[in-house]
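Below is one structure, written out as structure tokens, with a few remarks after it.
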Amino acid sequence: MAIIRRLLAAALGAAVVAASTPATAQTTSAQSWPHRTVKLIVPFAPGSAADTTARLFAERLSGRWGRSIVVEDRPGPDGLVALSAFVGARDDHTLLFANGGPVTINPVVHDKLPYDPRRDLVPIVSASDSYLTVAANAALNVGTIDALVSRARAEPGGLTWAATAGLPQFIFAGFVKRAGLDMTQVSYRDFTPALQDVAENRIGFAVTALLPLLPLSQAGKVKLLVITNRDRSPAAPDLPTAKEIGHPELAADGCQGFYGWRDMPQDLRERIAADVNAVAADPALAARLASVGQALRVGTTGDFVAMIEAQRIQIAAIAKALALQP
């Protein structure tokens, strides 16, 4: 009986340990993953370019993996709602689709975060790049970035600008600071009215995604000045990049991609990255992304890590120049 009691106690102890072990600590085989439905959390609103991109990839990856992928939109300020849900899941079948902001920007604007940017968000692979631009209202008759600088110096405090939160706002604020310009930023809770205000000459400049500004440009209400991305946009092929016009301080890629959980195995990261690259070979995907203002931007896990680190360094330097405190 004593032997039986010891065996039962050992079995019970093993069961308790197994039940208390989080999903992220369990062994995950890169070859056999996924074993069940995958959840993809997106910190943007339904119908947004990021949401559309995530769903396009999810549809194709689901077919490749033979498992359903559920896209869950969790919009909220600075993506914190989605990030809390992702980290709180502690699940090896939950991924995050986001830009670099949670790692590069949130740490310099928030004193406390519900996650560890360096440990809880493991970059897997990039997927797309959002085209960003600077636009002037047509009434200003400003056609280039150099003309913007000249006008701002001639009218200190007289020009206004607005930018979508995150990377566009940081990049332009850093540009203004480094150029020694005196310009007034106008804040908007929702950026939609800002587009109308720049079109109607109520603010001078808007810094945001290219796509919503294209109709205003075509209508002659705004003048597009520059693309911040490394490559020109097929939707505006005559619009130069920041580096082409000698303003690398305005260069920024709005890259979005997949993140995994804390301690995600390296071989699984590389396996998912390879699968993302495989589905990205479909020409229809690039065409569909272009229709929502995105460029296909895939590569290796190392490429995505390097992109995020470069952006982190860039944002940290801007925050220092602005004397920004979380």
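Annotations
- Residue satisfying all of: in segment 161-188; among the aromatic types (Phe, Trp, Tyr) and buried (at least 21 other Cβ atoms within 10 Å of the Cβ); farthest from the chain's Cα centre (by Cα) among these: Trp161
- Residue among Gln314, Gln256 that alone is outside any loop (DSSP other than H, G, I, E, B), of a type in the set (S, T, N, Q) and within 30 Å of Ser32 (Cα to Cα): Gln256
- Verdict on Pro168 being of a type outside the set (S, T, N, Q) and either in contact with a Lys or Arg (Cβ under 6 Å, 6 or more places away or on another chain) or within 30 Å of Val298 (Cα to Cα) (or both): yes
- Taking segment 267-303 as the range and being aliphatic (A, V, I, L, M), farther than 20 Å from Arg232 by Cβ and surrounded by fewer than 18 Cβ atoms within 10 Å (Cβ to Cβ) as the test, the residues that pass are Ala274, Ala278, Ala281, Ala284.
- Inside segment 106-124, residues that are farther than 15 Å from Ala85 by Cα and out of contact with any strand residue (DSSP E or B) (no Cβ under 9 Å at 6 or more places or on another chain) make up a count of 9.
- Residue in segment 118-140 that is in a strand (DSSP E or B) and acidic (Asp, Glu) present: yes
- Residues of segment 30-47 that are among the polar types (S, T, N, Q) and in contact (Cβ under 8 Å) with a residue 24 or more places away in the chain: Gln31, Thr37.
- Selection over segment 107-157 of residues that are among the charged types (D, E, K, R) and closer than 30 Å to Glu270 by Cα gives a count of 5.
- Between Pro123, Pro107, the distinction of being assigned by TED's automatic domain parsing to the domain that holds Ala286, touching a residue at least 24 places away in the same chain (Cβ under 8 Å) and surrounded by fewer than 22 Cβ atoms within 10 Å (Cβ to Cβ) belongs to Pro107 only.
- Residue in segment 212-232 that is among the small types (Gly, Ala, Ser) and under 25 Å from Ala319 (Cα atoms) present: no
- Residue within segment 208-224 that is surrounded by 23 or more Cβ atoms within 10 Å (Cβ to Cβ), hydrophobic (A, V, I, L, M, F, W, C), not in a loop (DSSP other than H, G, I, E, B) and not assigned by TED's automatic domain parsing to the domain that holds His93 present: yes
- Any hit, segment 189-197, residues being among the charged types (D, E, K, R), part of a loop (DSSP other than H, G, I, E, B) and either more than 25 Å from the chain's Cα centre (by Cα) or surrounded by fewer than 16 Cβ atoms within 10 Å (Cβ to Cβ) (or both): yes
The values are calculated or read from the model by the stated rules, or taken from the named source; none is laboratory data. Since we're looking at a predicted model, the values are computed, not measured. As a convention, Cβ positions derive from the backbone with ideal geometry for all residues, glycine included, and neighbour counts pool all protein chains shown.
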